[in-house]
Structure formats: structure tokens, C-alpha cells
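*Asks:* One structure is given below, represented as C-alpha cells, and several questions about it will come after.
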Amino acid sequence: MLRCRLSGILFFLCYFYLLPAPAAEPGFADAPPATGPVIKVGERYLVPYTVTLADDVSFTMIPVPGGKFRLGSPANEPAREVNEGPPLEVEVPPFWIGQAEVTWGEYKLYMASLDQVKNPDGVTAAPLTAENAADAVTIPSKLYEPTYTFEHGDNPRLPAVTMSQFGARQYTKWLSRRTGQIFRLPNEIEWEYACRAGSDTPYSHGNDPEQLGEYAWTAENSDEVPHLVMTKKPNAWGLYDMHGNVLEWTLDAYTPAGYDAAVQAPAGLAATNWPKQLFPRVLRGGSFEFSADRARSAARTPSDDKTWYDTDPNRPKSPWWLTDDPARGVGMRIIRPVAPPTAEERVKMWEIDNPQTERGVTERLKQGRGTKGVVLPQAVK
């Protein structure tokens, strides 16, 4: 009996000490990187890293150094609109941002989690309870009209499109739950700062719209279709398709008169102009359907859910999917903040924030057109 107990203890000790050491927190290094910007936060350094969600699905996060920049455009910038000013000097803390726009390969994993959540197995998803309700994610049912969304294809390297801002925000919550990291949409300040990459010209590469074709897919060179991500030159910080290809959602409400006190707060999530209505909200970067001037670093595009949902036959309209152009040119890019957001901030950046979306989600779940549940963290590389 004693021998058996000793054997068991020895087995336990060997098993315990032979376990691999916990992986370092993604995106941090103890020594400065050999190449690229040196971004020190506390005693560690921010570095690029890749998240592998499936054997053939991964994305890379690029660290962005903190610093000051001028938000908006000067009065003499060609094609400038009133909503791009007044220019404000803003200081931005460091963060990571997606090297590319979110692709169909990534977004379809969120869509496919519908069945996992409907039938929780305790490994990939857990039953929804009162105790874990705050962790729950809503997931849409299959597309009502996939031929519209996928008119230009669904290649895994094409940017994912036609999701509403709520659909984009719920994706970032799903991804956060799935990976154990915190992801969200950028706000306008963070997006423009990353797009400019240290520049103060209309485009990150300079003043010349003719040169934009080397960096962006716009109406002038796209044949009015989206293109695979990362097929043009990146900006100075290694970010692709910040100009053109698809419009990218931000967290902010759109202010047609320009920037107000809401965006003059200290930069970071606190500087977000949080929406109170379904629309208009801000998209950035232009798209394959828009001319080059709409892809300028400072250009702002307001959403118009009333017309972007025009042909949706459902009542209420889908809270997750848009149905009318320019929705086939509407996508997203994610960021990861260095400082974890508070519980209150997580609600603002992920959850329902207006009555129309609340009604839409409630009714669609009653109809079985979507589900709500808890996604459990899975091993990522």
C-alpha cells in the first residue's frame, strides 16, 4: 500500500514539473525587439504577435507606439469636409492593432460558433446562466441572402463585410472570450493615429493621390470589388489597407459639425464619442467603391442604417447584418488595448446601446434567428 502511495506521489510530482511553463503574455517581451519600433511599457516591450484560431486561420497584431498627433485635417486640405475639424492635438497611449482588416476566414469562425453555443458541450461553450450572463455573446443565424454578401466571393483572405456595428462589436467580444485576450473596435482617434503612422499629410504616404494606388484599393483601381487583404503596400507602421478596400467601423457616434468636447478628453477609450442612437456612427478609410479622396486619413463616413437596411424583409431589421450598398464595402479592424478595460467600459464597447438593436436582438432570438450563450476560451497559438 505504501509503495502504491509513493508511486502515486512520484507520478504526480513528475507530471507537475514536466508540464510546460505557462506561455508568456502575447505581445509582450522582456527585451527590446531587434527590428521595428521599440515600445516600452513598464519593464516590458510591446512586440508583434500572431494569433492562430484554426489550422488555416490566423491574424497578426502590430504594436503602435504612443504619442501626440493632430486629429483631423487643416482647412486647406483638398476635398476636406467640415466634419474633419477643427484639428486637435491629441495624445494617444500605445496599443496593438490588426495588421489587416478582419477576414472571412476569421469572421466565419464566429458565425460557425452558433451550433456550439446552441448545444454547449462544456468545452467550447457553456450553458447560459444568471451567473455568467455578462459573458454571453449573441451570434447571428445563417445569412438570409448570402448571394448579396458573397457577391464578390468569400475567399478566407477577403475582408469580411456587411456586418452592422453591433455585429462587429459582438465579434470582438466573441474573439476576446475565445482567446482570453481583450479585443475591441478602435475609436476614431486610435484609428486615425494608426492610419497616419506619424504622417500629417492627406495620406500616410504623402500628398499625392496618384501614388495612392500603390497602397489602396479605391474606385480608381479596384474594378469596384474588394480585394484580398495585404496585397498593397503597408503604411510606415506595417499596417495594410488602412486606405481603401473596405470601410472600417469605429466605436464613435458621428458628429456632422466636427469634433466636439467629447473627443477632447484624454485619448484612449475615454475619448470615445459614445453613441446614443442607432445611427449615424463613424466608419473610416474609404472602400473599393469610394474615390481616393474618401480614403484620406482624416475622412469620416457616417453610417445610415435606415437606407443600408432598406431591402431587409425582416421585422424588426437584422441587428447583425446590413443588406444594401455600400454595405458590401463595410468591414472592420480590431485593436487590443494595453490596459485591460473596466467592467463598465466592456459593456460600452461590446453590448447593446440603443432600443432598436435591443428589440431586434430580442425578437430574432425568439424567432430562432440567432442565439445567445457563453463561449469558452480555447487554446490559441
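The values are calculated or read from the model by the stated rules, or taken from the named source; none is laboratory data. Every value quoted in this text rests on a predicted model; they were computed, and no experiment measured them. Every residue, glycine as well, gets a Cβ built from its backbone with ideal geometry; the counts of neighbours run over all protein chains shown. Each accessible area value is taken on the protein alone, full model and side chains, heavy atoms only, with ligands, DNA and RNA left out. Shrake-Rupley method; radii C 1.70, N 1.55, O 1.52, S 1.80 Å.
*Asks:* Enter the angle in degrees (range 0 to 90, nearest 10) between the Cα long axis of helix 165-179 and the first principal axis of the Cα atoms of the chain, meaning the one along which they spread out most.
*Replies:* It is inclined by approximately 30 degrees.
*Asks:* Rounded, prolate or oblate for the range 200-292? Axes are the square roots of the Cα gyration tensor eigenvalues, ordered a ≥ b ≥ c, and the cut-off for rounded is a/c under 1.5.
*Replies:* Because a/c hits 1.5 or more and a/b exceeds b/c, the range 200-292 counts as prolate.
*Asks:* Quickly work out the A54-to-A236 label distance, labels modelled 7 Å from Cα along the C-beta direction, and quote it in nm with one decimal.
*Replies:* 3.8 nm
*Asks:* For the range 172-300, report the accessible area per residue in Å² (1.4 Å probe, heavy atoms, rounded to an integer).
*Replies:* In whole numbers, the range 172-300 has 32 Å² accessible per residue.
*Asks:* Binning every alpha carbon pair distance of the range 21-140 at 10 Å from zero, what are the percents per bin?
*Replies:* Calculated P(r), rounded to whole percents: 10, 23, 26, 26, 12, 2.
*Asks:* Using every pair of alpha-carbon atoms in the range 205-253, split the distances into 10 Å bins beginning at 0 and state the percent of pairs per bin, rounded to integers.
*Replies:* Spelled out bin by bin, the range 205-253 gives 26, 53, 20, 1 percent.
*Asks:* Rounded to the nearest 20 debye, what is the charge dipole size of the chain about its Cα centre when +1 sits on each Lys and Arg Cβ and -1 on each Asp and Glu Cβ?
*Replies:* Using Cβ point charges on Lys, Arg, Asp and Glu, the chain gives about 1500 debye.
*Asks:* About the Cα centre of the range 104-200, how large is the charge dipole given +1 on each Lys and Arg Cβ and -1 on each Asp and Glu Cβ? Please answer in debye to the nearest 20.
*Replies:* Magnitude of the dipole: close to 200 debye.
*Asks:* What does the charge add up to near A133, with Lys and Arg as +1, Asp and Glu as -1, over the other residues with Cβ less than 12 Å from its Cβ?
*Replies:* In short, -2.
*Asks:* State, to one decimal in nm², a quarter of the convex hull surface area for the C-alpha atoms of the range 246-351, i.e. the direction-averaged projected area.
*Replies:* Averaged projected area of the range 246-351's Cα convex hull equals 7.8 nm².
*Asks:* Using label points projected 7 Å from each Cα along Cα→Cβ, tell me how many nm separate T307 and A79, to one decimal.
*Replies:* Rounded to a tenth, the inter-label distance reads 1.9 nm.
*Asks:* Let me ask you something else. Specify the residue with the greatest mean-square fluctuation among G36, G66, G153, computed from a Gaussian network of the chain linking alpha-carbon atoms under 10 Å apart.
*Replies:* G36
*Asks:* Bin by bin, in steps of 10 Å, what percent of the Cα pairs in the chain do you find, going until the bin that has the longest distance?
*Replies:* 5, 23, 33, 24, 9, 3, 2, 1, 0
*Asks:* Calculated from DSSP H runs of 4 or more alone, at -39500 (n - 2.57) each and per residue, what is the 222 nm mean residue ellipticity of the chain, nearest 500?
*Replies:* -6500 deg cm²/dmol
*Asks:* Still on this structure: If I stretch the segment between T342 and A29 completely, what's the gain in nm (0.36 nm per residue apart, minus their alpha carbon distance), one decimal?
*Replies:* 110.2 nm
*Asks:* Take L88 and K40, extend 7 Å from each Cα along the Cα→Cβ direction, and tell me the distance between the two endpoints in nm.
*Replies:* If labels sit at L88 and K40, their model points lie 3.1 nm apart.
*Asks:* Quick one: net charge around G198, please, counting Lys, Arg +1 and Asp, Glu -1 for every other residue with C-beta under 15 Å from its C-beta.
*Replies:* -2
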